[in-house]
Amino acid sequence: MVFTSVHPVRSISRRLTPVVFVVDDDLSIREALDVLIRGEGWEPETYASARDFLARPAVAGPSCLVLDVSLPDLNGLELQTFIASDRPGLPIIFITGYGDIPMTVRAMKAGAVEFLAKPFDDRTLLRAIKNALHRSSAELEREAGLRILRGCYTSLTARERQVMALVVSGLLNKQVAGELGISEITVKAHRGRVMQKMNADSLATLVKIAGRLGLDSALTIA
């Protein structure tokens, strides 16, 4: 490979160096990718087999996996299946010396970021890694946001959750009062606290929050 350079990821967390995992049974490939990845300011971790990689706990920060299809134990596609359930947020870039169309389609349908044939251009691989790390960073931010929203929802009282359920379903305050057997003034008070605790500045925002939490169909007034 000819070593070239592209700019490393800028939008990911500055506190954590992105980790690029490499799983390939070819030592020369692992060594070359280690140098290439390290040169971009990322942290490479290389493994000769799928099982060696699976023994490594997931990292907290942005990461991606450069994965050879042909491996001595589990092959790359089998490892992808394990990762889908064990580490669903880990983007995968496949590299192979003998890929075919069905194999490529299977990998991409399962969520692979890229499928590159050896020998590949360094710049192409680095761009793929950059895109994968952006995807990883975005997923981490999404999960962090969801954790905050779940915490806000947990802070609601049972009655506030009932009010929220009816409000996001489209009912007016008067209708909510009728459903719950309370006064409209009380509904307004509960609604105000819901908006405050959920950090929602409008009904539209509250509806979006409920959707992000997957509460659209789960909220009930029971």
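The values are calculated or read from the model by the stated rules, or taken from the named source; none is laboratory data. Keep in mind that this is a model prediction, so the values were computed, not measured. All Cβ positions, even for glycine, are placed from backbone atoms using ideal geometry, and neighbour counts span all protein chains on display.
Tallying residues that are under 20 Å from ALA138 (Cα atoms), without any contact (Cβ under 8 Å) to a residue 60 or more places away in the chain and either acidic (Asp, Glu) or touching a Ser or Thr at 6+ places or on another chain (Cβ under 7 Å) (or both) within region 50-89 yields 2. When GLU179, GLU160 are checked against the criterion of being in contact with a His (Cβ under 7 Å, 6 or more places away or on another chain) and either in contact (Cβ under 8 Å) with a residue 40 or more places away in the chain or surrounded by 13 or more Cβ atoms within 10 Å (Cβ to Cβ) (or both), a single residue qualifies: GLU160. Assessment of region 140-154 against the conditions (buried (at least 18 other Cβ atoms within 10 Å of the Cβ), of a type in the set (Gly, Ala, Ser) and on the phi < 0 side of the Ramachandran plot) yields no matching residue. Scanning region 24-55 for residues that are in contact with a strand residue (DSSP E or B) (Cβ under 7 Å, 6 or more places away or on another chain) and under 13 Å from ILE83 (Cα atoms) returns ALA50, PHE53.
Is there a residue in region 46-62 that is touching a helix residue (DSSP H, G or I) at 6+ places or on another chain (Cβ under 8 Å), in a helix (DSSP H, G or I) and modelled with pLDDT under 90? No, because not a single residue in region 46-62 is touching a helix residue (DSSP H, G or I) at 6+ places or on another chain (Cβ under 8 Å), in a helix (DSSP H, G or I) and modelled with pLDDT under 90. State yes or no: is VAL20 modelled with pLDDT under 95 and either small (Gly, Ala, Ser) or in contact with a Ser or Thr (Cβ under 8 Å, 6 or more places away or on another chain) (or both)? Answer is no for this residue.
Within region 63-93, the set of residues being modelled with pLDDT of 85 or more, surrounded by fewer than 16 Cβ atoms within 10 Å (Cβ to Cβ) and among the acidic types (Asp, Glu) comprises GLU78 only. Here the helices (runs of 4 or more DSSP H) wholly within region 110-222 that include at least 2 residues being within 30 Å of VAL66 (Cα to Cα), among the aliphatic types (A, V, I, L, M) and assigned by TED's automatic domain parsing to the domain that holds ARG38 are 122-154.
Do we have SER85 as assigned by TED's automatic domain parsing to the domain that holds SER136, within 17 Å of the chain's Cα centre (by Cα) and among the hydroxyl-bearing types (Ser, Thr, Tyr) here?
For SER85, the condition - assigned by TED's automatic domain parsing to the domain that holds SER136, within 17 Å of the chain's Cα centre (by Cα) and among the hydroxyl-bearing types (Ser, Thr, Tyr) - is met.
Screening the candidates LEU156, LEU133 for the property of being touching a Pro at 6+ places or on another chain (Cβ under 6 Å) and modelled with pLDDT of 95 or more yields one hit, LEU133. The number of residues in region 198-209 being within 26 Å of the chain's Cα centre (by Cα) and over 20 Å from GLU141 (Cβ atoms) comes to 3.
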